[in-house]
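Here's the structure we're looking at; comments come further down.
The values are calculated or read from the model by the stated rules, or taken from the named source; none is laboratory data. Please read these numbers as outputs of a predicted model, since none were measured by experiment. Positions of Cβ are generated from backbone atoms using ideal geometry, with glycine treated the same way; all protein chains shown enter the neighbour counts.
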Amino acid sequence: MTLPLPTRILIGTSQVIGSYWWLILTLGGLAVWAGVRFLRTERGRLFRDTLELSIPFWKHLRRKIILQRLVQTLATLLRSGVELNEALRVSSEVMGNKLYQEAIERVIFDVQNKGLSLSVALRRTAMFPEDICRMISIGEETAMLEAMLDNVSARLSSEVIAETDAATSLFEPTLILIMGAAVGFIVVSILLPMLQLNQLVG
């Protein structure tokens with residue numbers, strides 16, 4: 001009798017790993033080395049930063065982390081008396097995402113050369129949420145920009161902590177499900193031929 005499909009898959013996988021483990025390790029090591037070298041290039045960094053803002057669930061948390069870093073650093077620098085354009089330039093370096101860094105460069109250009117306010121320049125990039133742009137606009141109108149940035153930073157920080165805790169609490173059951181599915185597949189692959197044999201003998 002033909003062995004069940006799960007059993008054939010398990011046997012085939014075992015044979016491939018047992019016969020070509022050296023090739024698998026070599027190709028895996030080369031892939032990791034090539035990936036690390038690529039991510040260190042300008043193009044690789046742009047690819048990574050674009051990808052991390054496209055992954056479902058993760059992209060929302062990542063955006064909030066980037067924005068929290070920006071507004072927190074910007075508030076600290078402005079309160080210390082640093083000029084706005086220089087504060088934006090320094091703040092962009094801590095965001096850790098090339099797409100947002102390029103957006104801040106456009107903001108700096110609009111503020112410096114077109115005379116736009118910070119909130120309007122941020123809104124023109126289409127990279128910053130409308131509620132944050134509105135709060136920054138209120139801070140500019142009331143001459144309390146630093147305080148408003150602190151409020152935005154505190155809100156983003158609490159949201160990041162809440163979402164991180166939620167993701168962490170989901171990680172353990174997800175890992176258990178994946179391991180359970182793998183173990184279950186192996187058990188089924190072993191038991192199915194025995195059941196077939198019993199039926200044949202019976």
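Annotations
Listed here are the residues, each with its yes/no results for (1) over 10 Å from the mean Cα position of the chain (by Cα); (2) of a type in the set (Gly, Ala, Ser); (3) exposed (fewer than 13 other Cβ atoms within 10 Å of the Cβ).
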residue	(1), (2), (3)
Phe38	yes, no, no
Thr41	yes, no, yes
Gly44	yes, yes, no
Phe47	yes, no, no
Thr50	no, no, yes
Ile55	no, no, yes
Leu61	no, no, no
Lys64	yes, no, no
Val71	yes, no, no
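- Filtering the stretch 186-202 to residues that are surrounded by 10 or more Cβ atoms within 10 Å (Cβ to Cβ), out of contact with any helix residue (DSSP H, G or I) (no Cβ under 7 Å at 6 or more places or on another chain) and in contact (Cβ under 8 Å) with a residue 24 or more places away in the chain leaves Ile190, Gln196.
- The set of residues from the stretch 91-137 being more than 30 Å from Arg40 (Cβ to Cβ), polar (S, T, N, Q) and surrounded by fewer than 19 Cβ atoms within 10 Å (Cβ to Cβ) comprises Gln112, Asn113, Ser117, Ser137.
- Evaluating Pro173 against the criteria (1) under 30 Å from Gly12 (Cα atoms); (2) exposed (fewer than 15 other Cβ atoms within 10 Å of the Cβ); (3) touching a helix residue (DSSP H, G or I) at 6+ places or on another chain (Cβ under 9 Å) leaves one unmet condition, (3).
- A residue that is out of contact with any Phe, Trp or Tyr (no Cβ under 6 Å at 6 or more places or on another chain), under 25 Å from Leu61 (Cα atoms), touching a residue at least 12 places away in the same chain (Cβ under 8 Å) and assigned to a helix (DSSP H, G or I) occurs somewhere in the stretch 165-185.
- Among the candidates Ser117, Ser137, Ser169, Ser153, residue that is under 28 Å from the mean Cα position of the chain (by Cα), of a type in the set (Gly, Ala, Ser) and modelled with pLDDT of 90 or more: Ser153
- Condition met for Val94 (in contact with a helix residue (DSSP H, G or I) (Cβ under 6 Å, 6 or more places away or on another chain), in a helix (DSSP H, G or I) and β-branched (Val, Ile, Thr)): no
Conditions (1) over 30 Å from Ala167 (Cβ atoms); (2) not hydroxyl-bearing (Ser, Thr, Tyr), marked per residue:
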{"site": "Thr2", "(1), (2)": "yes, no"}
{"site": "Ile9", "(1), (2)": "yes, yes"}
{"site": "Leu23", "(1), (2)": "yes, yes"}
{"site": "Val32", "(1), (2)": "no, yes"}
{"site": "Val36", "(1), (2)": "no, yes"}
{"site": "Ser54", "(1), (2)": "no, no"}
{"site": "Phe57", "(1), (2)": "no, yes"}
{"site": "Arg69", "(1), (2)": "no, yes"}
{"site": "Arg79", "(1), (2)": "yes, yes"}
